[in-house]
1. So residue 5 clears everything in (1) out of contact with any Cys (no Cβ under 9 Å at 6 or more places or on another chain); (2) assigned to a helix (DSSP H, G or I); (3) over 16 Å from residue 128 (Cα atoms); (4) touching a residue at least 40 places away in the same chain (Cβ under 8 Å) except one condition, right? Which one?
2. Among the numbered criteria (1) modelled with pLDDT of 95 or more; (2) farther than 30 Å from residue 213 by Cβ; (3) in contact with a Lys or Arg (Cβ under 7 Å, 6 or more places away or on another chain), which single criterion is violated by residue 158?
3. For the stretch 222-241, which residues satisfy the criterion of being surrounded by 15 or more Cβ atoms within 10 Å (Cβ to Cβ) and more than 19 Å from residue 169 (Cβ to Cβ)?
4. Answer yes or no as to whether residue 28 is modelled with pLDDT of 95 or more, under 30 Å from residue 176 (Cβ atoms) and in contact with a Lys or Arg (Cβ under 9 Å, 6 or more places away or on another chain).
5. Need pairs with beta-carbon distance below 8 Å; first residue farther than 18 Å from residue 17 by Cβ and within the stretch 53-71, second among the small types (Gly, Ala, Ser); sequence gap 6+ or separate chains.
6. Any residue that is in contact with a Lys or Arg (Cβ under 6 Å, 6 or more places away or on another chain), surrounded by fewer than 19 Cβ atoms within 10 Å (Cβ to Cβ) and more than 30 Å from residue 271 (Cα to Cα) - is there at least one of those in the stretch 80-89?
7. Within the stretch 180-232, which residues are of a type in the set (S, T, N, Q), in a loop (DSSP other than H, G, I, E, B) and within 25 Å of the chain's Cα centre (by Cα)?
8. Could you tell me whether the stretch 104-118 includes any residue that is assigned to a loop (DSSP other than H, G, I, E, B), free of Cβ contacts under 8 Å to residues at least 24 places away in the same chain and at negative phi?
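The values are calculated or read from the model by the stated rules, or taken from the named source; none is laboratory data. Since this is a predicted model, take the numbers as computed values, not measurements. Every residue, glycine as well, gets a Cβ built from its backbone with ideal geometry; the counts of neighbours run over all protein chains shown.
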Amino acid sequence: MKKEYLNDCPDYLADYLTYMRLVKGRSDRTVEAYYIDLRTFLRYLLINHNDADPNKVEFEDIAISEVPFDYIKKIRLIDAYNYLKWLADERGNSIKTRARKTSALKQFYSYLHLKKGLISSDPIEQLELPKLPKTLPKYLTLGDAQKLLAAVESANYERDYCMITLFLNCGMRLSELCGLNTDDISFENGTMRLFGKGSKERIVYMNDACVEALKAYLPRRSAVQTTDKALFLSNRNTRISRRMTQYIVEESLKKAGLGNLGITTHKLRHTAATLMYQYGNVDTLVLKDILGHESLATTEIYTHLTSQNLRDAANANPLADQHIRKHRKNSEDDEE
């Protein structure tokens, strides 16, 4: 976490962010997200207590280092709901953003109560997260995924093809792919070692497509003279960045005629999970371990069914071939 973030925080917030990073093992990016969400809340408190006038100072310029802890202690449940209303009305935050900020706030107050004992009770324990609309994850169809792989074309073809192959076959996160080192690959065991959220390690198995793509790329990687252990290198022979990886995927999607579908590297993860579920009959518990999810509920978003799945299910009914028997009632039957 960048030093200036901690300098901007009151002591109680700096302690919490340090706890999340060192004790809970959250990544620097995650801790930064907590800081940003809680900074909004502290700025709201300053405005609400007339310590800052949004008509005289830009919201982003409101410093939070001097927010009294007494403001935190006096929060009631109704105050938290007023904050959520303010996020919607004054800040124009979406439901998804409000839900994330609510989650960050609840975790913060739980820490103050249960871990630090700085407050005698958690005033927002019953605060409910805004209900998110249920949406199916975006993903490529099998045909589109094949078109994407066929469209890869660049001066670093083997590298780019290998990265997209791993995305589509292993369902890894962007950070996991960019974080791969050469010694994370074991052809002997047919496995890859990934480090997911919170630096949690997991092992995934490589299929033939992954092995073939890696073996095509590794000679080019080995030819580079560098002390960097990164599996995928940039043109400067340093670990490839997340943004560069996103750019490579975006350009390949455009070349495949799929640039208007809103597909991102994370949507390729959705694609891998969906294809494994739909075509491989993979159990959700197995899929959960492959994707590195903590909760099965997160994995279950991939169990959505396409219209073809529903059509196939209907046709699989044993009565599907039962035909109506042609029969016309006679006049006596009609009279009865």
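1. If we test residue 5 against (1) out of contact with any Cys (no Cβ under 9 Å at 6 or more places or on another chain); (2) assigned to a helix (DSSP H, G or I); (3) over 16 Å from residue 128 (Cα atoms); (4) touching a residue at least 40 places away in the same chain (Cβ under 8 Å), just (4) comes out false.
2. Going through (1) modelled with pLDDT of 95 or more; (2) farther than 30 Å from residue 213 by Cβ; (3) in contact with a Lys or Arg (Cβ under 7 Å, 6 or more places away or on another chain) one by one, residue 158 breaks only (2).
3. Applying the first criterion (surrounded by 15 or more Cβ atoms within 10 Å (Cβ to Cβ)) to the stretch 222-241 yields 230-234, 239-240.
Scanning the stretch 222-241 gives 230, 233, 234, 239.
4. Criteria not met by residue 28.
5. 62/52
6. Checked against the condition, which is being in contact with a Lys or Arg (Cβ under 6 Å, 6 or more places away or on another chain), surrounded by fewer than 19 Cβ atoms within 10 Å (Cβ to Cβ) and more than 30 Å from residue 271 (Cα to Cα), the stretch 80-89 yields no hits at all.
7. 207
8. To start, the set of residues in the stretch 104-118 that are assigned to a loop (DSSP other than H, G, I, E, B) comprises 116-118.
From the residues that got through so far, the ones that are free of Cβ contacts under 8 Å to residues at least 24 places away in the same chain too are 117.
Of the ones still in play, those that are also at negative phi are none.
There is no residue in the stretch 104-118 that is assigned to a loop (DSSP other than H, G, I, E, B), free of Cβ contacts under 8 Å to residues at least 24 places away in the same chain and at negative phi.
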